[in-house]
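Colleague: My questions will all concern the structure given below.
The values are calculated or read from the model by the stated rules, or taken from the named source; none is laboratory data. Because the structure is predicted, anything quoted here is derived from the model rather than measured. Heads up, the Cβs are rebuilt from the backbone with ideal geometry, glycines too, and the neighbour counts pull from every protein chain shown. Each accessible area value is taken on the protein alone, full model and side chains, heavy atoms only, with ligands, DNA and RNA left out. Shrake-Rupley method; radii C 1.70, N 1.55, O 1.52, S 1.80 Å.
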Amino acid sequence: MLRAIAADAVFCAAFLVESLALLSILEGAFGLAFGELSIPILKTWRAVTEPFVGFGAAVFSSKPPVWVVDAAAISGVLFFLFFIRQARNAIAPFEDGTYPPGAVVTRYDALIDDAIPTVLCALGAVLFAPTLLPLLTLPVALWLLGRKLVGRPAWFAVSNAYYVNVAALVCLAAAGFWFGRA
């Protein structure tokens with residue numbers, strides 16, 4: 001149960017980062033204004049993230065657009081959520097990720113089975129986020145969801161958290177356009 005609570009906390013923190021990045025994109029690229037209270041929050045967000053994410057974005061462009069740093073923050077989270085379930089399925093010793101009855105499994109075995117996919121996906125997210133390629137996971141995830149809904153099997157597993165995250169970001173973007181223009 002503690003593991004589920006920790007996973008939920010990490011998901012909420014990642015969504016907070018994505019939310020700030022999305023609001024920053026909406027303000028910077030689309031000129032939306034979210035009120036006086038958002039000015040110091042978004043200013044601090046940009047000041048904190050620019051050195052970390054901007055470094056990776058600068059590798060691919062000498063003068064990246066303002067929104068690239070924020071898009072890289074979003075794409076890193078999308079990369080992680082898109083690949084984590086498949087990585088766990090690939091690395092887990094058994095197909096469904098559970099051990100058979102009677103198997104002697106230590107805490108360390110279970111920790112390693114959880115840690116390796118998480119570390120690999122986090123490393124991939126850090127390396128590929130500045131390229132913005134993880135944003136292409138969205139059409140692929142929608143295609144895989146469509147296959148799943150019509151009953152066709154897919155060899156690739158996407159976590160449900162990915163779809164929840166994307167739906168929440170779409171709702172936040174719609175609310176941003178709604179309230180930012182007023």
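Colleague: Could you work out [θ]222 nm for the chain from helices alone, using -39500 (n - 2.57) per DSSP H run of at least four and dividing by all its residues? Round to the nearest 500 deg cm²/dmol.
Modeller: Working: 6 runs with 135 residues, N = 182.
When only DSSP H runs of four or more count, the value is -26000 deg cm²/dmol.
Colleague: Taking the mean number of other Cβ atoms within 10 Å as a proxy for protection, how do you rank 1-14, 37-50 from highest to lowest? Before the final figure, lay out each step's value.
Modeller: Details: 1-14: 10.9, 37-50: 13.6.
Per-residue mean Cβ counts within 10 Å order the peptides as 37-50, 1-14.
Colleague: In addition: Quick check for you: with a 1.4 Å probe and neighbouring chains kept, what is the accessible area per residue of the chain, in Å²? It would help to have the intermediate numbers written out before the result.
Modeller: Details: 11690 Å² over 182 residues.
Ligands and nucleic acids excluded, the figure is 64 Å² per residue.
Colleague: Would you mind classifying segment 66-142 by shape? Square roots of the alpha carbon gyration tensor eigenvalues, ordered a ≥ b ≥ c; an a/c under 1.5 is rounded, otherwise it is prolate if a/b is larger than b/c and oblate if not.
Modeller: Details: a/c = 4.70, a/b = 2.41, b/c = 1.95.
In terms of gyration-tensor shape, prolate.
Colleague: Residue by residue through segment 16-31, which ³J(HN,Hα) values in whole Hz follow from phi under the Karplus form 6.51 cos²θ - 1.76 cosθ + 1.60 (θ = phi - 60°), with glycine and proline marked x?
Modeller: Couplings: 4, 4, 5, 5, 5, 5, 5, 5, 5, 5, 4, 6, x, 8, 10, x Hz.
Colleague: In whole percent, how big is the carbon plus sulfur part of the accessible area of segment 84-155, probe 1.4 Å, protein atoms only?
Modeller: Values: 3620 of 5240 Å².
Whole-percent figure for carbon plus sulfur exposure: 69.
Colleague: Rg(Cα) of the chain divided by 2.2 N^0.38 Å?
Modeller: On the way: Rg = 18.6 Å, N = 182, 2.2 N^0.38 = 15.9 Å.
Output field value: 1.17.
Colleague: What shape does segment 1-81 have by the C-alpha gyration tensor, where a ≥ b ≥ c are the square roots of the eigenvalues, rounded means a/c under 1.5, and otherwise prolate means a/b greater than b/c and oblate the rest? Write out the running numbers ahead of the final one.
Modeller: Details: a/c = 2.37, a/b = 1.35, b/c = 1.75.
The shape class here is oblate.
Colleague: Modelled label-to-label distance, Val104 and Leu138, 7 Å Cα→beta-carbon offset: nm?
Modeller: 5.1
Colleague: In debye, nearest 20: dipole of segment 5-86 around its Cα centre with unit charges on the Cβ of K, R (+) and D, E (-)?
Modeller: Values: 4 positive and 6 negative charges, 39 e Å.
Charge dipole, segment 5-86, about its Cα centre: 180 debye, nearest 20.
Colleague: Convert each backbone phi in segment 106-120 into a coupling constant with the Karplus relation 6.51 cos²θ - 1.76 cosθ + 1.60 (shift: θ = phi - 60°), then list the ³J(HN,Hα) values in order as whole Hz, x for Gly and Pro.
Modeller: 8, 4, 5, 4, 5, 5, 5, 5, 8, 6, 4, x, 5, 5, 5
Colleague: Where does the Debye-calculated log10 I(q)/I(0) of segment 142-182 sit at q = 0.19, 0.31 Å⁻¹, using only Cα point scatterers of equal weight, no solvent?
Modeller: -0.64, -1.00
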